[in-house]
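S.K.: Sharing a structure with you now.
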Amino acid sequence: MGSGSASASARLREIHRSQQADGPAAVLAIGTANPPACVTQDDFTDLLFRATNTDHLAALKDKFKRLCKHACYFGQKLGVERRYLHHTEETLAAHPEFADHEAPSLDARLDIAAEAVPELAARAARKAIAEWGRPAGDVTHLVVTTNSGAHIPGVDFRLVPLLGLRPTVRRTMLYLNGCFAGCAALRLAKDLAENNRGARVLVVAAELTVMLFSRPEEGCFQTLLNQGLFGDGAAAVVVGADPLVSVERPLFEIVSAAQTIIPESAHAINMNLTKGGFDGNISTREVPGFIGDNIERCLMDSFEPLGGIAGDGKWNDLFWAVHPGSPAILDKIESVLGLEPEKLTASRRVLRDYGNMFGVTVIFVLDELRRRWEREAAGEWRELGVMMTFGPGLTVETMVLHAALK
């Protein structure tokens, strides 16, 4: 009995080892998508005040316009020049209740998200699958993240027929993780790919800011910030280990992944669903400080298990894909780590051209980095780099990446 049990145990361990990949998970393709309507900040200011019947608040409109034009207002700069938005003036005219945060509008917002989020997510996913070069039916796992709604079944379920995935695809739905969601989904994809030999994980993030829309109000800076900073978009990534040389092209190997909660920071970013959509608070004064005080510790913790291959404080030797939550956050990171200005160029450019798209944004930054390297073969290419996001908690997600593209 004892001998048979030992033999069975050894066999099970052998089976377990055979199910694991030989190499690290890698990003094999990236796809992005936005709604068709691109709105400049100037145009949005007029649209916002016109659609909410607040054009008579001339002083407030001037404040918002100055905020959107990168002028300091309460010490803040938006750093956004244009964004893509699903909701149009026609949408807002059809839903006047969206302008009043005290009005019961959650159901109508969720109805819009239920249809639009899967469609936008599918557009990004189709691009990633096309770049990947294998049939959609070869996707074994699906990880989807969104803050736009809380439907059951969710976006993951809707994507299966939209993309032609197999009904046996293994799905995971992540809701309401804020701006660190993109990195968290990739962390999960890394574990799935490395512990399931042959797995190909499709990661999809999609966001609509119709959940946040509200009329501007005097004395409520958070509302102004929400209306001027956030944008709509979707991004998809195919992740897999042991790439098929004849078909697949690894872009970034995911060397390690970590998550850290910054002590005594739970109040810094918080949001909740109310009858009028999303409500909450982002402490624009405290968040950059929390991040600046803790970022080096988070980085050293991520690099320490790698045996000193990097992370010895020579941060300019790395490439950086950082979530651009705001210019103040990027400025603080740049200052604390002593980064050369070009290190965060990709993050600033995505913020400028798309706004903050929550968890979607950092995937846009990663895509911007690889496209820049492909355009400028002799540019600032580095083998090792860091992907970093920040969100409610205050939570920091850190990934060490190895750029495999040549």
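What follows draws every value from the coordinates through simple rules; no lab data is involved. These numbers were taken from a predicted model, which means no experiment stands behind them. A quick note on method: Cβ atoms are made from the backbone with ideal geometry, for glycine too, and the neighbour counts reach across all protein chains shown.
S.K.: Determine the percent antiparallel among the DSSP beta bridges restricted to the chain, to the nearest 5. Write out the running numbers ahead of the final one.
M.R.: Working: 45 of 61 bridges.
Approximately 75 percent, going by the DSSP bridge assignments.
S.K.: Determine the sum of side-chain charges near Cys38: Lys and Arg each +1, Asp and Glu each -1, restricted to other residues whose C-beta is under 10 angstrom from that of Cys38.
M.R.: Overall, the nearby charge balance is 0.
S.K.: Counting alpha carbon pairs within less than 8 Å and at least 6 residues apart, what relative contact order, in whole percent, applies to the range 252-403?
M.R.: That works out to 38 percent.
S.K.: Separate question: Given the peptides 320-327, 354-361, arrange them by the average over their residues of other C-beta atoms within 10 Å, most packed first.
M.R.: Highest-to-lowest ranking by the protection proxy: 354-361, 320-327.
S.K.: Right, something else. How much net charge surrounds Leu57 when only the other residues with a Cβ under 10 Å from the Cβ of Leu57 are counted, with Lys and Arg +1 and Asp and Glu -1?
M.R.: -1
S.K.: Now, a different point. Quote the charge dipole size of the chain about the Cα centre in Debye, to the nearest 20; the model charges only the Cβ of Lys and Arg (+1) and of Asp and Glu (-1). Spell out each step's value before the answer.
M.R.: Values: 42 positive and 50 negative charges, 179 e Å.
With Lys and Arg at +1 and Asp and Glu at -1, about 860 debye.
S.K.: Between Asp46 and Asn316, how high is the FRET efficiency from 1/(1 + (r/R0)^6) when r is the Cβ-Cβ distance and R₀ = 41 Å? Nearest 0.05. List each step's numbers first, then the result.
M.R.: On the way: r = 42 Å, r/R0 = 1.02.
It comes to 0.45.
S.K.: Right, next: Give me the distance in nm between label points sitting 7 Å out from Cα along the Cα-to-Cβ direction at Ala103 and Leu12, one decimal.
M.R.: 6.0 nm
S.K.: Another question, then. About the Cα centre, and with charges only on the beta carbon of Lys, Arg (+1) and Asp, Glu (-1), how big is the dipole of the range 270-406? Nearest 20 debye, please.
M.R.: The dipole magnitude comes to about 400 debye.
S.K.: Just tell me which lysines come within less than 29 Å, Cα to Cα, of Lys127; anything on the same chain fewer than 8 places away is out.
M.R.: In chain and number order, the partners are Lys190, Lys343, Lys406.
S.K.: Calculate, for Asp55 and Glu115, the FRET efficiency according to 1/(1 + (r/R0)^6) with r their C-beta to C-beta distance and R0 35 Å; round to the nearest 0.05. Show your work: numbers first, answer last.
M.R.: Working: r = 31 Å, r/R0 = 0.87.
According to the calculation, E is roughly 0.70.
S.K.: In whole percent, what relative contact order does the chain give with Cα contacts below 8 Å and a gap of six or more residues?
M.R.: 23 percent
S.K.: Charges only on Cβ, +1 for Lys and Arg, -1 for Asp and Glu: so what's the dipole of the range 80-121 about the Cα centre, in debye to the nearest 20?
M.R.: Magnitude of the dipole: close to 220 debye.
S.K.: Who wins for biggest fluctuation among Ile152, Ile282, Ile261 in a Gaussian network model of the chain, springs between alpha carbons below 10 Å?
M.R.: Ile152
S.K.: Which value in deg cm²/dmol, rounded to the nearest 500, describes the helix-derived mean residue ellipticity at 222 nm for the chain, given -39,500 (n - 2.57) per DSSP H run of n ≥ 4 and division by the residue count? Let's see the in-between values first.
M.R.: On the way: 12 runs with 158 residues, N = 406.
The per-residue figure over the chain is -12500 deg cm²/dmol.
S.K.: Right, here's the next one. On a straight-distance basis, which lysines could pair with Lys69 in a cross-link, Cα separation under 23 angstrom, same-chain partners fewer than 8 positions away excluded?
M.R.: Lys61, Lys77, Lys332
S.K.: Once the dipole of the chain is set up with Lys and Arg at +1 and Asp and Glu at -1 on Cβ about the Cα centre, which of Leu344, Gly276, Phe221 lies farthest towards its positive end?
M.R.: Leu344
S.K.: For the ranges 59-69, 389-399, what's the packing order if you count other beta-carbon atoms within 10 Å of each residue, average per peptide, and put the highest first?
M.R.: Values: 59-69: 17.0, 389-399: 24.5.
The packing order, highest mean first, is 389-399, 59-69.
S.K.: Another question, then. What are the aspartates and glutamates whose alpha-carbon lies under 17 Å from the alpha-carbon of Lys63, with same-chain residues fewer than 8 places away excluded?
M.R.: Within the straight-line cut-off, Lys63 pairs with Asp42, Asp43, Asp46, Asp55, Glu81, Glu217, Glu218.
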